[in-house]
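What follows is one structure encoded as structure tokens, with my remarks underneath.
The values are calculated or read from the model by the stated rules, or taken from the named source; none is laboratory data. Note that the coordinates shown come from a computational prediction; the quantities given were computed from them, not determined experimentally. Here the Cβ positions follow ideal geometry from the backbone for every residue, glycine too, while neighbour counts run over all protein chains shown. Areas reflect the complete protein model, heavy atoms only, side chains present, ligands, DNA and RNA absent. Shrake-Rupley method; radii C 1.70, N 1.55, O 1.52, S 1.80 Å.
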Amino acid sequence: MRRCHETEGARQGPRLLLALSVLLAVFAASTASSLAQDAESVESSNAQPTFVDGNTTMRRMHDETGARTSIGDPVAATDADGDALTYALIGQDASLFSVDDQGQISLGAAIADSGRISYRFWVTVHDGKDSRGEVEAVPVIDDIIFVTVTVTFAQGERVPSKDVGLSWNVNSNPFGVWSDGETMWVADWVDDTVYAYDLSSGSRNPDREFGLSSANDSPFGIWSDGTTMWVADDNDLRIYAYDLSNGTEDLSKGFDVDGDNDWPWGVWSDGQTMWVGDRTDLKLYAYDLSN
């Protein structure tokens, strides 16, 4: 009986070893297959190109720029895979320009005397591959950037397209102008009003206009720090101050000028000192604005 038990155990040993070998072989094959699939997935993945300048950018050109002239630096995209990239232009002014395979934008036809001060369009890019790195039957845009091309002019050259027209009915006696780059404010000596105009279109913007206080009835020169507007008065020994956002007078920021500065004319400041011209004295009087 004892020998029979040992014989049965001896028989079972090889069977267990065989089963274990099979399991290890299956596991190894499965692991190898999984690793192969992972490697294939890594090899077939594809990075999309992206524009270096982000979502928006700007280029400049002179109004005398000739046809087929390159406009500034390329609007280029980078691609981690080193794929060949294809660029295209879309949008309202796209037909007036072209772009090559390096993202270099060029002007189509010459624009001299066109009257335009800017052009806008989008540049798109794609590498022609999907996320797995396979060639797309219909290429899909991978990234897009909005481009503004502004037109520059020679120093001193007249730019009629940027003129701001006034009216005999209102603002017929302009004395003093200031702008924040988007709006132009123009004081009127007779109307006792500071009128506002949109610089991009030249049209009036009544929402940003304001009337002056009754005492400030002869405005001669204005300046602002973007928050407060100071208005010199030709008849008063005072510089008036107004909140630019709502046009209300700010008594805390207005100040009286020196008695000798009795014909205040134009004003300008660096934010700390304000200089006030005098039309009878050969002097610019300086006042501290920091207090």
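With respect to Arg68, determine if the residue is closer than 11 Å to Val123 by Cβ, out of contact with any helix residue (DSSP H, G or I) (no Cβ under 8 Å at 6 or more places or on another chain) and among the charged types (D, E, K, R).
Numbers: closer than 11 Å to Val123 by Cβ: no; out of contact with any helix residue (DSSP H, G or I) (no Cβ under 8 Å at 6 or more places or on another chain): yes; among the charged types (D, E, K, R): yes.
No: the conditions fail for Arg68.
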The stretch 98-124 - residue that is over 20 Å from the mean Cα position of the chain (by Cα) and assigned to a strand (DSSP E or B) and, of those, surrounded by the fewest Cβ atoms within 10 Å (Cβ to Cβ) = Ser106
If a residue has to be of a type outside the set (Phe, Trp, Tyr), buried (at least 16 other Cβ atoms within 10 Å of the Cβ) and under 19 Å from Val190 (Cβ atoms) to count, how many in the stretch 202-228 make the cut?
-> 8
Quick check: anything in the stretch 217-228 among the hydrophobic types (A, V, I, L, M, F, W, C) and modelled with pLDDT under 95?
-> yes
Are any of the residues in the stretch 72-91 within 25 Å of Asp198 (Cβ to Cβ), open to solvent by less than 80 Å² (accessible area, probe 1.4 Å) and not hydrophobic (A, V, I, L, M, F, W, C)?
-> yes
Would you check if Val276 is of a type in the set (Val, Ile, Thr), surrounded by 14 or more Cβ atoms within 10 Å (Cβ to Cβ) and more than 15 Å from Trp185 (Cβ to Cβ)?
-> yes
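Would you be able to tell me the number of residues in the stretch 140-153 that are open to solvent by less than 50 Å² (accessible area, probe 1.4 Å) and more than 30 Å from Asn46 (Cα to Cα)? Give the derivation first.
Of all residues in the stretch 140-153, those open to solvent by less than 50 Å² (accessible area, probe 1.4 Å) come to 142-143, 145, 147-152.
Within this subset, residues satisfying the condition of being more than 30 Å from Asn46 (Cα to Cα) are 148-152.
Number of matching residues: 5.
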